[in-house]
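None of the figures in this text is laboratory data; all of them are computed from the coordinates on show. Predicted model only: the values in this text are computed from it and were never measured. We place every Cβ from the backbone using ideal geometry, glycine too, and count neighbours over all the protein chains shown.
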Amino acid sequence: MTLKVELVSPTQRVWSGEAESVSARTIEGDIGILTDHTALFAVLVDGQVSIKGADGTTTEFGVSGGFLSVANNRVSILTESVN
Amino acid sequence: MGAQLRIYRRRMRSVKATKKITKAMELISASRIVKAQQRVAASTPYANELTRAVSAVATYSSVDHPLTTESVNPKRAAVLIISADRGMAGAYSNNAIKEGEQLVALLRERGLETKSYLVGRKAVSYYKFRNREISGQWTGFSDNPTYEDAREVADALIEAFVLDAQVDPNGVDEIHIIFTEFKSMLTQNAMAKRMLPLEVVESDTPAPAGFLQMYEFEPNAEVVLDALLPRYIQARVFNAMLQSAASEHAARRRAMKSATDNADDLIKSLTRLANAARQAEITQEISEIVGGADALASASAGSE
């Protein structure tokens, strides 16, 4: 069982695919998402988002604000800019 | 060369020069449509995700957020019109402006005042010429808008929206947008939509079963909505601008194509006329020579 993750910015889809876990920094602190996480909607602050892909590789993105939504093993991260 | 023939040749030269320009513009627009379409496609995932998120939050939180609740007694509405910076695109800008006029008339009927926010030089000059008040104007990026441009426009709208329209003359209760939907290379529609307060959240496909469920909000639904809705408006404005840009290129390509075709027709008929004029000239010269020779022959025959 894996997570379906999408990291999108207004101008492009930055990353999408299957992942084991996702971690990000929300307003309230760092959060890690594994499979079967409860439905969640969080506001992100500037910081790192790291996605551990199903193949075991970890990719890190610097995001400037945004949102994280989780539902039914589907994670979408919306951010205004990625660097 | 006879006078008539010279005039025809001159007109042909000028039509040919115009044709070169229109042909070049047609090709440029054709190549830019593809790029513009790709940009629309690239911005779609973000817009979709955001729409999904907004509908989830709006449906599954009981917060009375100013951005989602309709004013009981709306007083003023903002109308954002997206038009082109340059002409040569047929009726593209005109269609958007006319759609805007209709919407304004409709809003007035409901007893609302309107405030105009204009994108693109064409709409701005239309309003300026009629001495209408413009609450906000942005020009210079209609054919290639960036997200920053969209954010600037959206922020001005949101700023007016959060003011209390009942007391502040700059405040608005509703935000409408007029843009040109890019359906295909051949079809583009100017259309009006209400952005705020949220109307129906559009989605092409019904949400998959079980998708909308109780969400946990972090830190809480109110903060999430506060952060989400401005982004949502920005994304909507950005998407509208990109679609309008694609439509603008398509409209320009079509207009320039028909201009090129017309130039071709004109050149063809001018060539025919010029040929006839040339032939008439030659015929006349021959008959003059023959006539002259005849006169000479009969003159010399008489003297002998």
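Things worth noting here:
- Computed about the Cα centre, the dipole magnitude for chain A is approximately 160 debye when only Lys and Arg (+1) and Asp and Glu (-1) carry charge, each at its Cβ.
- The peptide list A:28-40, B:164-176, put in order of mean Cβ contacts within 10 Å with the highest first, becomes B:164-176, A:28-40.
- Computed per residue of chain B from DSSP H runs no shorter than four, each worth -39500 (n - 2.57), the mean residue ellipticity at 222 nm is -22000 deg cm²/dmol.
- Among B:Ala17, B:Ala91, B:Ala280, residue whose mean-square fluctuation peaks in a GNM of chain B (springs only between Cα atoms under 10 Å): B:Ala280
- For segment A:3-78, the extents of the C-alpha atoms along the principal axes are 26, 26, 18 Å, listed from largest to smallest.
- Mean separation of Cα contacts under 8 Å, 6 or more apart, over the residue count of segment A:3-78: relative contact order %: 33 percent
- Measuring nothing but how far apart in sequence close Cα pairs (under 8 Å, 6+ apart) lie, relative to its length, chain B scores a relative contact order of 31 percent.
- Here chain B is treated as an ellipsoid with the same Cα gyration tensor; its semi-axes, largest first and in whole Å, are 64, 21, 13.
- When the convex hull of its Cα atoms is projected in every direction, mean area for the protein assembly as shown (nm²): 29.2 nm²
- Charge dipole of chain B (Cα centre as origin; +1 on each Lys and Arg Cβ, -1 on each Asp and Glu Cβ, all else neutral): 1620 debye, rounded to the nearest 20.
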